[in-house]
Every structure is written in C-alpha cells, then in structure tokens.
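Working notes for the structure below.
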Amino acid sequence: MRTMGERFAGLGRGGKFIVLLIIVFVVGLHSSAGGAQNPPASGTITRSRAEIESLIERVGRTPPDWWDSVKLNYPPTLDLNWPMRAEGPWDARKNVGQYIWDVINPNPGRWKEGIKLVNFLMIRHKDDEEKLVRSMETLGHMYHNLMEDWARAVFWWRLSEEYGGWADPISLAHCYWKLGSKEMAVEVLSQIPSDYTRHGALIKLWADMGEFDKALALAEQKAADGMPTIAYLTAGDTCRLAGRYKEALAYYEKALTAKGTVGREADVQKDRERAQASIQAIKLFDTLEVARVADGVYTASSIAYAGPLHVEVTVKAGRIESLRVTKHEEKQFYSALTDTPNQIVKKQSVTGVDAVTGATMTSEAIINATAKALAGGMRKGKK
C-alpha cells in the first residue's frame, strides 16, 4: 500500500489540490460516530513502519471523536482574510495568528474550537496556496502541541510539505516515538544539523528514547559551544526526569555559576532562576509525604519559560484530589498545562513525572510549584 506522500508524488499540481479538497471536506463536513483515536504513547506499544504509515493515513483522513460536538466559534471582529503578515499594532480581536496565540493556546477549553477555526480557514483559502500551507502547518502544531494527537500532527505536516511547507524535525521525531517507532524517530533526528537552535528539546527527546548518555553528551557540547547556562539547565532536567537527583543537582549548580552568554543576559537570569527553583524542589522531594498534608487548598508558584506560573493543589484525606494551573505567561506547548497536573494526580507524587517534550520548563515549573505547595501543607498538618 502506498502512503499519502507516495500517491501525492505521482500527481500534478492540480491533482494534488483535488485530493486535498476531498480530504479537507471529509474532515470538515463528515459526521462520524467516533473517528480514529490516538494510539497509546511509546513505551506501552511498538509498531512497525508499515503499521505507523497506515495509522497516520487512516487517522488523518477521519475527524477526531470530538469534532461534531464542537461548534465553529470566533469573534465577529476577526479578519478571516488572515493576511500572511498582520499590519498595525498587536490586536488579538482582529488578527487570526494573534488570536490563536493569545486566546486559543492559553485556554485548554478552547483548543478544539481553535483547530476547527483553522480547518475552516483552510477551506476558505483553498485557492491561496501560501495560506493553505500555513493552515496545514498550524494544524500540525495544534494537534501536536495542544492535543498530543501524534498521528494527525504528522498527517498535516506531511501534507504541508507536499506544497513546500515545513515541519519541525524534533516535533516530527517526537510523534514517531510516541506512535511506537524509535527507528523512525532516530532517522529524523540524525538529519538535524549541529547548529539547530532547539537543542533543549533535542536533548530531552534523546533522553526519552533511552539514549541518556547521548543526551548528556549533547548538553556538554552545547555548553562548550558557548551556551553553558541553558545547556547545564537542560542536562539537570534530563537527570532529574530519570530520577538521578544527585547528578541533576550538580548540573543545576553548574547552571548557577556558568558564565552567561553575551547578549542573552535576561534569558540567562531566567535560566538561573529556574535552576535555583529546581534545586529547592529536589531538596523537598525526600521529605514530602502527601499522606501527612492536612486537608485544604494550597497555592504556590515557580518560574516557567515565560515567567511565573501558579498552581492550586487540593488535598483531601491524604490524597491529591486536584491540581490546576491558575495563572501563567506561557505562549506555546500548552499540553504541559494539562498533561503534567494529570500525571501528578495519577501518581500522587511529584517524582517520576515526565515532562512534555518541547515544554520541559513549563512541566518542571508545575512540578516545582506543586512541591512547594505540598510542603506548605505538610507544615500545616504537622502535629
């Protein structure tokens, strides 16, 4: 069976547009009782290349199971022409990209309607190839960054590439890993140039795939290349997520004392604040016992990627009943805002929680703030 990309390769420009429109209108208008579901994350299942290719094509051609329950919703002030370059001052009420950035991305309850809006705009601009590509790339990012829908993310990124679009290789490799193929993920990662800027996410993904030594070697290389603070911070995060807390503390201490990069003073200061917050959190891990936390609602904050992130933890009968992020300044990779709290509640612990690839700093901030909040609850519950 030929894949979507192989079939597209044999079509002319007009033929590709016809196939695309069939797909778009099926996804946009088809009423379904369910639709294919995203498969379990890697680690619980392994798939062959052929199985993954089949899954991507099948899932990509069907609407998500939530599609029919979500209405198309956008402000009447929004400029549906969605020009390639927004003019004038920042205005999220008018400019689609700014509306997605400011209104859709930070609010999990609006993620699905945001995807439906972009799909609507793709149909609306079906004759404008540049806008068509941007819509498909955006759908890929939204399915990956927000919904953790790996198969649909790959589907739309691949489709965009047929028209000259681009998919971030780390995000694409992450999808293949989550779909169950380390081999396909490594193939993509092996093509990334040494000067690629998203080295933090790259280090994290190598560690996720069990290539721990490779991840730390890359961090050390980046430190030697002139980015020591962020490299050591990422190495600390990598060790911490693997439960190697002694090594994590050593790397965080290096991040605190490393010479800052000229021109990045503000970023370096934030990185040092994150390292300090992680040191404090790790020191709390050994003493935290949720069973000893008094019933109540506890709040705390920690430094995330863009700024302070606040959490609210509800404890009842010695268990974490709920955890939510109440305030933040993050502007991307929002799945961490729901995924990380869900993991903490499920595990009833702040240890052994996996950070979202590409959103490690957001995930760590949630973990750090939760540890601080629970520590406050232990002091309250101490007899």
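If you scan region 284-317, which residues turn out to be among the small types (Gly, Ala, Ser) and either within 19 Å of Val356 (Cβ to Cβ) or touching a residue at least 40 places away in the same chain (Cβ under 8 Å) (or both)?
Step one: list which residues in region 284-317 are among the small types (Gly, Ala, Ser), which gives 291, 294, 296, 300-302, 304, 306-307, 317.
Within region 284-317, Ala294, Gly296, Ala300, Ser301, Ser302, Ala304, Ala306, Gly307 meet the criteria.
Hey, can you tell me all the residues within region 101-118 that are modelled with pLDDT under 95 and either of a type outside the set (Gly, Ala, Ser) or more than 19 Å from the chain's Cα centre (by Cα) (or both)? Quick ask: steps written out before the conclusion?
We begin by selecting, within region 101-118, every residue modelled with pLDDT under 95; these are 101-111.
Correct list: Trp101, Asp102, Val103, Ile104, Asn105, Pro106, Asn107, Pro108, Arg110, Trp111.
If you take the residues in region 161-195 that are hydroxyl-bearing (Ser, Thr, Tyr) and at pLDDT 95 or above, which one is farthest from the chain's Cα centre (by Cα)?
From region 161-195, those hydroxyl-bearing (Ser, Thr, Tyr) are 163, 171, 176, 181, 190, 194; that's our starting set.
If we keep only those that are at pLDDT 95 or above too, we end up with 176, 181.
On the way: Tyr176: 14, Ser181: 19 Å.
Applying the filter and picking the extreme gives Ser181.
Per-residue answers, yes or no, for (1) crowded, with 23+ Cβ neighbours inside 10 Å; (2) modelled with pLDDT under 85:
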{"site": "Thr326", "(1), (2)": "no, no"}
{"site": "Ser335", "(1), (2)": "no, yes"}
{"site": "Lys347", "(1), (2)": "no, no"}
{"site": "Gly358", "(1), (2)": "yes, yes"}
{"site": "Ile366", "(1), (2)": "yes, no"}
{"site": "Ala373", "(1), (2)": "yes, no"}
{"site": "Met378", "(1), (2)": "no, yes"}
{"site": "Gly381", "(1), (2)": "no, yes"}
Check your understanding: So, in region 104-117, of the ones that are of a type outside the set (Lys, Arg) and closer than 16 Å to Ser69 by Cβ, which residue ends up surrounded by the most Cβ atoms within 10 Å (Cβ to Cβ)?
Key -> Ile115
Review point. Across region 50-78, what is the number of residues that are surrounded by 14 or more Cβ atoms within 10 Å (Cβ to Cβ) and in a helix (DSSP H, G or I)?
Key: 11
Check your understanding: Name the pairs: first residue in region 81-103 and among the hydrophobic types (A, V, I, L, M, F, W, C) and surrounded by 13 or more Cβ atoms within 10 Å (Cβ to Cβ), second residue assigned to a loop (DSSP other than H, G, I, E, B) and modelled with pLDDT of 95 or more, Cβ to Cβ under 6 Å, at least 6 apart or on different chains?
Key -> Ala86/Asn95; Val96/Trp82; Val103/Ala92
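Test Trp111 against the stated conditions and say whether it is touching a residue at least 60 places away in the same chain (Cβ under 8 Å), of a type in the set (Phe, Trp, Tyr), assigned to a helix (DSSP H, G or I) and under 30 Å from Ala355 (Cβ atoms).
On the way: touching a residue at least 60 places away in the same chain (Cβ under 8 Å): yes; of a type in the set (Phe, Trp, Tyr): yes; assigned to a helix (DSSP H, G or I): yes; under 30 Å from Ala355 (Cβ atoms): yes.
Here the answer is yes, as Trp111 does meet what is asked.
For residues in region 149-170 being of a type outside the set (Val, Ile, Thr) and closer than 16 Å to Met209 by Cβ, which is surrounded by the fewest Cβ atoms within 10 Å (Cβ to Cβ)? Spell out how you get there, then give the answer.
Of the residues in region 149-170, the ones of a type outside the set (Val, Ile, Thr) are 149-153, 155-169.
Among the residues that remain, those that are also closer than 16 Å to Met209 by Cβ are: 150, 169.
Working: Trp150: 27, Pro169: 18.
Among those residues, the one meeting the criterion is Pro169.
The values are calculated or read from the model by the stated rules, or taken from the named source; none is laboratory data. Keep in mind it's a predicted model, so treat the numbers as computed, not measured. Reconstructed Cβ throughout: ideal geometry from the backbone, glycine too, with neighbour counts over all protein chains shown.
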